[in-house]
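I have placed the structure first, in the form of structure tokens, so that the comments after it can refer back to it.
Nothing in this text is a laboratory measurement; each read-out follows from the coordinates by a stated rule. This one's a predicted model, so the numbers in the text were calculated from it and none came from an experiment. All Cβ positions, even for glycine, are placed from backbone atoms using ideal geometry, and neighbour counts span all protein chains on display.
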Amino acid sequence: MPPEGARPSLPLLTGSPMNKLRENNALKGWMMLSPLALVLLAFLVTPIIMITVVSFWRATEFSIIPAFVWENYDFLFGSPVTYTVFFNTFKYALITWAATFVIGFTVAYYLAFHIRTQTWQIALFLLCTIPFWTSNIIRMISWIPFLGRNGIANSALISWGVIDEPVEWLLFSDFAVILAFVHLYTLFMVVPIFNTMMRIDRSLIEAARDAGANGIQILWNVILPLTKPGIMIGTIFVVTLVMGDFITVRFMSGSQSANVGRLISNDIALLQYPSASATAIVLLLTVLIVIGILLRFVDIRKEL
């Protein structure tokens, strides 16, 4: 008997239909998630763990010794070449991001706010994707005959009287590397920005215009803040792709410059897998730190 004045307790309905429904829904959710989790575990987590383990091994000219040592990281952080290569990597990423942002934002703004019909929007958007129907290497190498000493660019400048002799820095230089990066990765900035702009409520722009705002004020105070998630997504795409790319730097710089990806590629070519693994881990952590900093400025989950 409960004490006098106490409320009678209700029995726990552990076997109630509502609890069973919740358990079934939770089980279905885990079952739907398990295939993706297994794929990520097998093809993402496991390789990263293996690379991390190998990065602590010792390598000689003829063999790899599975021993826990720090010499790969000591050599990596103790070499001035490492800091030069990382500086080049950040330089390429920053300049490429700035160029792709200006081009991508301009193209996305034009498609979203100046093309009225959806048919033309789709047609022009597909027009932007035509270069991506071919291989990255083909699109990159196509710049070589254009930028060469006797290429189309130098021939046109000489014929117009702009220069008297061919310009040497157009090809096999940082300019050629960044130009190729912008050509390869601009679409990765256009797509998320365009997708975000299409979600902007047009009544907000009309309200700002009715309040007396001009075009620049609307762009700066309305469109740009609402486009931040798309800008951040595009930034993550461009920065990570540029920092991991090595073949573009090799071809377009004429092997005169290097980034971290090129450093890893050279170690692999020399069969120095522990050293390449250590560099890859440092690059991965660097990219994750950059992404973490970017995610502090905006919540991109609203776009996902």
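Based on the reciprocal of the average 1/r between different C-alpha atoms, the Kirkwood radius for region 81-303 equals 19.6 Å.
In region 139-257, Rg over Rh equals 1.18, where Rg is the alpha-carbon radius of gyration and Rh the Kirkwood radius from pairwise Cα distances. Here region 21-78 is described by how far its Cα atoms reach on the three principal axes: 61, 23, 14 Å, from widest to narrowest.
Hull volume per residue, based on the alpha-carbon atoms of region 98-174 and their convex hull, is 137 Å³. Rounded to the nearest 20, the size of the Cβ-charge dipole of the chain about its Cα centre is 900 debye, with Lys and Arg at +1 and Asp and Glu at -1. Annotation: amide H of Ala59 within the under-5 Å range of Ile65, sequence separation 5 or more or interchain, hydrogens built in the peptide plane.
Along the chain, counting only trypsin sites (Lys or Arg not before Pro) with a DSSP assignment other than H, G, I, E or B and at most 11 other Cβ atoms inside a 10 Å radius, the longest segment between sites is 117-295. Between Leu271 and Leu127, the contour length at 0.36 nm per residue exceeds the Cα-Cα span by 47.5 nm. Pairs of Lys residues in the chain that lie 8 or more places apart, or on two chains, and have C-alpha atoms under 26 angstrom apart add up to 4.
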